[in-house]
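For reference, the structure is listed below as structure tokens.
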Amino acid sequence: MVSVREMTLGETETVVRYFHGATPEFLEMLGVDPTRLPRPDAWREHFAREFALPAEQRQAVFVVWIVDDAIVGMSSCDKIVPGERANMHLHVVVPNLRQRGIGTDAVRASADLYFAKFSLKRLFCEPNAFNAGPNRTLQKAGFRYVKTHMTVPGPLNYHQAVTRWVLER
Ligand SMILES: CC(C)(COP(=O)(O)OP(=O)(O)OC[C@H]1O[C@@H](n2cnc3c(N)ncnc32)[C@H](O)[C@@H]1OP(=O)(O)O)[C@@H](O)C(=O)NCCC(=O)NCCS
């Protein structure tokens, strides 16, 4: 059973380690350009600044996915327009815990948190079109397919084909 809650500043090390510990092939599957990853110390300083801000001024919200008291995954929510829309991201950070149903449950619970926190009408997710895991997981978690298009989906990404999924409430 997975539980979901907001990430603490100390837990943002999970983000830094996950991306900086990844192989080039894994980052390619995610659509991440390794040259666009902030250096670890710059990233830590960024998180410290973000977490010092009042909640409504932060660019993003991060959540951890917990099983048996351990962090097994994470999500974040950005491009937030309160009362309207936002985008989410999803990662099971422990490789051997993937494809066991954690992602589907944790995406549902993370979406509930984002909808409640920002009074959203729509929550989008735009994984790389060739990355089967998130595309299948989003559909299973109740997201609806919108379209496949070419874009640079975020500051860490290269130009790529992404699939846009939406959850509406
Ligand atoms: C994407 C991710 C978060 C999904 O979490 P998960 O716990 O593996 O997902 P689930 O076990 O709930 O699986 C949900 C569905 O997706 C399918 N799926 C998951 N990973 C898959 C993969 N690599 N290839 C094919 N199907 C996959 C599962 O089979 C399941 O479908 P089914 O029940 O119809 O068989 C996780 O696989 C992950 O972290 N992957 C690496 C990072 C990543 O790609 N993140 C997305 C960035 S946008």
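Observations
- Restricting segment 77-112 to residues that are without any contact (Cβ under 8 Å) to a residue 12 or more places away in the chain and within 7 Å of the ligand (Cβ to nearest atom), the residue that is least open to solvent (accessible area, probe 1.4 Å): Gly101
- When segment 119-131 is filtered for residues that are at negative phi and open to solvent by 60 Å² or more (accessible area, probe 1.4 Å), the ones remaining, listed by number, are Lys121, Arg122, Phe130.
- Close contacts from segment 115-130, counting a first residue that is closer than 18 Å to Arg5 by Cβ and a second that is at pLDDT below 95, with Cβ to Cβ under 6 Å and a gap of 6+ residues or different chains, come to Phe115/Arg169.
- Residues that are under 23 Å from Ala109 (Cβ atoms), open to solvent by 40 Å² or more (accessible area, probe 1.4 Å) and in a loop (DSSP other than H, G, I, E, B) within segment 1-27 comprise Met1, Thr8, Leu9, listed in sequence order.
- Candidate set: segment 28-50, residues that are open to solvent by less than 50 Å² (accessible area, probe 1.4 Å) and touching a helix residue (DSSP H, G or I) at 6+ places or on another chain (Cβ under 8 Å); chosen: the one nearest to Met7 (Cα to Cα): Phe47
- The lone exception for Tyr158 - which of (1) under 21 Å from Glu25 (Cα atoms); (2) of a type outside the set (Val, Ile, Thr); (3) within 11 Å of the ligand (Cβ to nearest atom); (4) in contact with a strand residue (DSSP E or B) (Cβ under 8 Å, 6 or more places away or on another chain) it fails: (3)
- Any strands (runs of 3 or more DSSP E) falling wholly within segment 61-152 and containing at least 3 residues that are more than 12 Å from the chain's Cα centre (by Cα): 70-81, 144-151
- Residues in segment 134-155 that are under 19 Å from Val93 (Cβ atoms) and either exposed (fewer than 12 other Cβ atoms within 10 Å of the Cβ) or in contact (Cβ under 8 Å) with a residue 60 or more places away in the chain (or both): Gly154 only.
- Yes/no for Ile71 being within 16 Å of the ligand (Cβ to nearest atom), touching an Asp or Glu at 6+ places or on another chain (Cβ under 7 Å) and β-branched (Val, Ile, Thr): yes
- Residue satisfying condition, being over 24 Å from Leu27 (Cβ atoms), at pLDDT 95 or above and not aliphatic (A, V, I, L, M), within set Arg136, Arg122: Arg122
The values are calculated or read from the model by the stated rules, or taken from the named source; none is laboratory data. Because the structure is a prediction, the values reported are computed rather than measured. Note: ideal-geometry Cβ built from the backbone for every residue, glycine included; neighbour counts use all protein chains shown. With ligands, DNA and RNA removed, areas are computed over all heavy atoms of the protein, side chains included. Shrake-Rupley method; radii C 1.70, N 1.55, O 1.52, S 1.80 Å.
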